[in-house]
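The values are calculated or read from the model by the stated rules, or taken from the named source; none is laboratory data. Note that this is a predicted model, so its numbers are computed, not measured. Glycine also receives a Cβ, built like all others from the backbone with ideal geometry; neighbour counts cover every protein chain displayed.
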Amino acid sequence: MPVHWCHKLYDYRMEFLWTITSYPTIPTSVTYRELFGPSRRSRVTFPRSRRFSFASVGRAVTTELCWSNNDQMHTVPGTKGAGQKSAMFVHAQSFEDLTAEDEDQREAEVEQSGECAEDLTVLVGEKSPEEEKEKKHNDITSESRTKEEDVSGEAWRSHRKHVFVLSEAGKPIYSRYGTEEALSSTTGVMMALVSFVEAEKNIIRSIQADGCKVVFLSKTPLVLVCVSRTSQTDKELLRELQYIYYQIVSLLTLTQLNHIFQHKQNFDLRRLLSGSEYLTDNLLHRLDRDPGLLLSAVTCLPLASSARDVVSSGLQAAKSESLVFSILLAGDRLVTLVRKKDQFLHHIDLHLVFNLVGSSSSFREGEGWTPICLPKFNTAGFFHAHISYLEPASPLCLILVSTDREDFFNMSNCKQRFLERLSKRSAYPALKEALKCPSYSVAQVGIPELRHFLYKSKSSGLYTSPEFPEVYQSDGEQERLMGLYQRLHGSLHHPTRPLRSFYRCGETENLLAWVTSGFELYLCFSPLGTKAMAVSAVNKLLKWIRKEEDRLFILSPLTY
């Protein structure tokens, strides 16, 4: 018989990655009673091989644990994934209502949360050295947020983009820079502007003055405000605010938000979101740099279609009744996605999953089990995600999304079945080899004057882009290029005067943007090129994409 030993847990910094949570207003993935029974000193034995963590919002419980071991592109037929059988990322009807608690119980929980004096904390892992290095140039990190920034100083005003989240009562909830306490008067003025316009039976959308844009997004019971000195359009800034809104909803659900503020309009939501600021910070960082968030698409790991099909079939075989989505990621790239029949994953929800996995290294320590709301799928309740890496040092992360909060061990078995099946196939070495070069050079396209490009397939919701060339290696240059792409994107998607194509000459680069019913294309050229040269390059690029589409895109997504 295996030897057992006990370990007591008293706070959030727990050995063995165990966190048992209990909080009044938000459904937990596993409650104390469900896991341990009615006694507060129950003993539960788990094999060492089933090491996992519960990452959710709440207070730790002192517990004794026992541990043992669309249209096709007409210019070049077949381009943009002409073989794409179905889109993976569309807004679809909910799979089922996941909220099982009745209204009376919710009201009682909300009342209890309003009286609770203890701050609730989202448990996060320590950032790995790789993550710290990756975010070295980020304006906001979890460490810098602990330092109070003088909101009346020039340093605070000099930031190019501020983001604020406040309640309809004017209480600050989140600020990208500075502390929320120091900004209470500022958020009060913002809410006064919103209320003044609403009193006139109108809605405030934006203010422009002195080269600064102030964009408002009212989503009851929250108000989100962006103050920007960038060249982004109001629509682009509004899109970013919507991402922040969905990030908050993914932590709490819209049902919980509404119940909280219906009960107490001046409730301090920071008590529930305390510790989760790093998710919003990281999402804002991604919005400045990730082309996928600009294009409303995701990018795939370049991989031979035969190997990708084997990986997908392995996920398809490792299915379960409660399993809705199986997602395999390689860093910030999608390897494959298998979904339940007739259920679709919106690209916003997938980006939120990317952000959750990429924002914390704690999932590397074991098998994570965490509640997550996918707001474009169902704003009313939580799914429960089993998150784990296939190997300790591998970037391959498997996310199994289930509708059953008690399904951890079943999801863990699904992962083991998938891994056993994959390890016996030649596709696994091919996948590992692809991880050594997760992107490709623009030189492979064979167009000397082309520096960089973004290509989005509208039918699949996927995009492809090469790695940045040497001239854009610095963070500043990459952000500058992304700013140019954002300006082109704003011109093509202008709400009243959208353009079909746009050519821009500059001192450091020339750019071309083109949108059709089947694709969006953004290209960056040497400043010495001509427009005729750019048009010729487009045709060459489209032919190359058609040739490589089975490696760059998921053409035949599988279902359960």
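Considering A169, A182, A155, A192, which residue is surrounded by fewer than 17 Cβ atoms within 10 Å (Cβ to Cβ), assigned to a loop (DSSP other than H, G, I, E, B) and not basic (K, R)?
Working: A182 fails: assigned to a loop (DSSP other than H, G, I, E, B); A155 fails: assigned to a loop (DSSP other than H, G, I, E, B); A192 fails: assigned to a loop (DSSP other than H, G, I, E, B).
Sole residue among the options that is surrounded by fewer than 17 Cβ atoms within 10 Å (Cβ to Cβ), assigned to a loop (DSSP other than H, G, I, E, B) and not basic (K, R): A169.
Go through segment 317-379 and tell me which strands (runs of 3 or more DSSP E), entirely inside it, have 3 or more residues that are over 22 Å from S460 (Cβ atoms).
The qualifying strands (runs of 3 or more DSSP E) are 367-372.
Anything in segment 265-276 that is under 14 Å from Y246 (Cα atoms) and not in a loop (DSSP other than H, G, I, E, B)? List them, or say none.
If the condition is that a residue be under 14 Å from Y246 (Cα atoms) and not in a loop (DSSP other than H, G, I, E, B), then L273 is the only one that fits.
Of the residues L252, L293, L273, L269, which is in contact with a His (Cβ under 7 Å, 6 or more places away or on another chain), of a type outside the set (D, E, K, R) and within 26 Å of Y177 (Cα to Cα)?
Criteria check complete, one pass: L293.
Would you check if there is a residue in segment 290-307 being surrounded by fewer than 20 Cβ atoms within 10 Å (Cβ to Cβ), among the aliphatic types (A, V, I, L, M) and more than 30 Å from R480 (Cβ to Cβ)?
There is at least one residue in segment 290-307 that is surrounded by fewer than 20 Cβ atoms within 10 Å (Cβ to Cβ), among the aliphatic types (A, V, I, L, M) and more than 30 Å from R480 (Cβ to Cβ).
Just give me the residues in segment 383-402 being of a type in the set (S, T, N, Q) and at pLDDT 95 or above, in sequence order. Break it down stepwise before answering.
Narrowing segment 383-402 to residues of a type in the set (S, T, N, Q): 388, 394, 402.
Listed by number, the residues that qualify are S388, S402.
Name the single residue that is farthest from the chain's Cα centre (by Cα) among those in segment 296-316 being assigned to a loop (DSSP other than H, G, I, E, B) and on the phi < 0 side of the Ramachandran plot.
Looking at residues that are assigned to a loop (DSSP other than H, G, I, E, B) and on the phi < 0 side of the Ramachandran plot, I get A304.
Could you tell me which residue of segment 522-560 is surrounded by the most Cβ atoms within 10 Å (Cβ to Cβ), considering only residues that are closer than 18 Å to P469 by Cα and under 30 Å from the mean Cα position of the chain (by Cα)?
Y522
Restricting to segment 393-408, give me the number of residues that are in contact with a helix residue (DSSP H, G or I) (Cβ under 7 Å, 6 or more places away or on another chain) and either part of a loop (DSSP other than H, G, I, E, B) or surrounded by fewer than 17 Cβ atoms within 10 Å (Cβ to Cβ) (or both).
Matching residues across segment 393-408 total 2.
Taking the condition at pLDDT below 95, closer than 27 Å to R289 by Cβ and of a type outside the set (V, I, T), does E180 pass?
Yes, satisfied.
Looking only at segment 491-521, which residues are outside any strand (DSSP E or B) and surrounded by 19 or more Cβ atoms within 10 Å (Cβ to Cβ)?
Those that are outside any strand (DSSP E or B) and surrounded by 19 or more Cβ atoms within 10 Å (Cβ to Cβ): E509, G518.
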